[in-house]
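The values are calculated or read from the model by the stated rules, or taken from the named source; none is laboratory data. Source: prediction; values computed, not measured. Here Cβ is always computed from backbone atoms with ideal geometry, including for glycine, and neighbour counts include all displayed protein chains.
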Amino acid sequence: MIDRYTRPELAQLWSDQARFEAMRRVEVAACEEMEGPTPADLDAIRDATFTVDAVSERERVTDHDVAAFVDVLAQSAGPSGRWIHYGLTSSDVLDTALALQIRAAGELILPEASALAGALAEQARTHVYTLCVGRTHGIHAEPTTFGIKLAGFAFEARRNVERLQRAFKQASVGALSGAVGTYSATSPDFERRVLARLGLEPESVSTQVIPRDRHAELMQAIALAGAGLERLATEIRHLARTELSEAREPFTKGQKGSSAMPHKRNPIKSEQVTGLARVLRGNASAAVENVALWHERDISHSSVERIILPDSTTLLDHMLRRMTALIEGLVVDPVRMRENLDLTYGALFSQRLLLAIVASGLTRDDAYRIVQRLAQQALDTRVPLRQLIAEEVAADPGSPLASLDPDAIFDFAPYIRYADEIVGRLDLSA
């Protein structure tokens with residue numbers, strides 16, 4: 001992944017140095033559970049070293065990365081190096097080392113995912129009674145509160161934390177079952193002991209490789225988390241449009257929104273998250289393609305994973321941190337929200353008007369037609385709906401509208417009366 005989207009900790013985790021170090025840990029743990037090596041052998045094996053350059057140089061000869069790594073590590077251990085990789089096959093080391101890297105990635109990413117959920121919950125509590133318009137199909141529907149809106153995003157963020165926790169855990173499994181997974185040169189007990197040293201659970205049946213549905217599940221969870229981030233980013237982008245101007249990204253001192261137009265404050269962080277979410281979905285699709293391998297093993301998945309696992313975990317980490325900072329610094333304009341509530345000239349109270357007429361005795365369809373006509377008239381003429389009702393009652397005292405209480409109909413209170421309870425669910429589920 002390019003430096004622009006990479007936190008140093010993630011870059012280090014997925015570096016060649018870290019990959020070979022994880023493989024070294026697996027090899028050493030295996031030697032420590034073998035019966036052959038003497039204490040002196042184990043000391044030499046534990047002290048054995050490698051360099052990425054030395055492994056790369058050796059791979060030019062072997063054309064096999066694991067064999068090259070084993071050769072370099074074994075040579076460093078001297079005569080004791082003969083025990084390194086004893087009874088193991090390449091996937092034993094590669095897949096178990098990958099599990100260590102996946103677990104480490106989860107340990108970095110999960111706190112960031114939790115931080116976003118916390119930031120959203122805090123903003124939801126702050127704006128529990130901040131009135132704004134709710135939109136369906138992009139059209140003004142009924143009033144809601146900004147806190148209720150954000151609470152929905154906070155719960156989704158929490159679900160993504162839970163999904164990611166499960167996904168990282170189930171993908172962090174190891175295997176040392178040997179060629180085609182029969183333990184012909186080792187044993188299940190040996191595998192359990194080695195993996196216990198590494199803090200990993202064993203794969204039930206590895207066939208030589210760990211089944212790739214595990215990695216696909218992780219990538220799906222990452223893609224879902226990305227989709228949630230995109231949904232949030234899309235909402236902020238819409239609210240930041242000049243015509244709405246209800247909320248916008250923080251704008252730092254010295255920041256420029258446009259190279260040509262000084263007045264611009266573009267939602268660039270949200271747009272970046274939106275774009276990167278597409279990459280996560282594409283990588284998740286590739287992970288699903290990796291599931292169907294030939295027989296007990298092939299390596300068609302390997303080249304794909306060397307790209308998509310580092311890239312997707314690194315991108316998700318970046319996106320989470322980006323969005324958390326955005327939410328923490330979100331600029332909210334309650335005044336503009338209140339102004340936008342008046343854009344329909346009261347038409348957004350249409351359901352309350354409809355229910356009031358039905359309650360007075362008219363059929364629902366007849367009531368609907370009356371309200372639909374008046375609401376559209378308000379929108380077309382820009383005359384407040386409440387005024388149109390008053391004019392109609394004045395012209396026809398026998399109108400079904402005459403018995404209604406306008407103060408009760410055109411009241412924001414019903415839309416916020418449960419806001420505290422809804423947003424309060426965040427505390428109940430914490």
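Quick notes
- Hey, Pro188 without any contact (Cβ under 8 Å) to a residue 40 or more places away in the chain, crowded, with 16+ Cβ neighbours inside 10 Å and in the same structural domain as Asp317 (by TED's automatic domain parsing) or not: no
- Condition met for Glu27 (within 35 Å of the chain's Cα centre (by Cα), charged (D, E, K, R) and not assigned by TED's automatic domain parsing to the domain that holds Arg212): yes
- The requirement of being under 23 Å from Leu110 (Cα atoms) and in the same structural domain as Pro310 (by TED's automatic domain parsing) is not satisfied by Ala240.
Residue-wise test of (1) assigned by TED's automatic domain parsing to the domain that holds Arg166; (2) surrounded by fewer than 22 Cβ atoms within 10 Å (Cβ to Cβ); (3) under 22 Å from Ser177 (Cβ atoms).
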position	(1), (2), (3)
Met1	no, yes, no
Leu42	no, yes, no
Glu59	no, yes, no
His64	no, yes, yes
Gly78	no, yes, no
Ser91	yes, no, yes
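- Taken across the stretch 363-373, residues that are of a type in the set (Phe, Trp, Tyr) and either in contact (Cβ under 8 Å) with a residue 40 or more places away in the chain or outside any helix (DSSP H, G or I) (or both) do not occur at all.
- Across the stretch 93-126, the qualifying residues are those that are among the β-branched types (Val, Ile, Thr) and within 16 Å of Ser177 (Cα to Cα), and the one among them that is nearest to the chain's Cα centre (by Cα) is Thr96.
- Boolean, Thr252 is surrounded by fewer than 19 Cβ atoms within 10 Å (Cβ to Cβ), under 30 Å from Ala97 (Cα atoms), hydroxyl-bearing (Ser, Thr, Tyr) and at pLDDT below 95: no
- Of Arg336, Arg322, Arg369, all but one fail to be at pLDDT 95 or above, surrounded by fewer than 21 Cβ atoms within 10 Å (Cβ to Cβ), of a type in the set (Lys, Arg) and touching a Lys or Arg at 6+ places or on another chain (Cβ under 9 Å); the exception is Arg322.
- Some residue of the stretch 402-423 being within 30 Å of Ala115 (Cβ to Cβ) and in contact with an Asp or Glu (Cβ under 9 Å, 6 or more places away or on another chain): no
- The sole residue among Ile409, Ile389, Ile422, Ile357 that is over 27 Å from Ala247 (Cβ atoms) and either touching a residue at least 60 places away in the same chain (Cβ under 8 Å) or touching a strand residue (DSSP E or B) at 6+ places or on another chain (Cβ under 9 Å) (or both) is Ile409.
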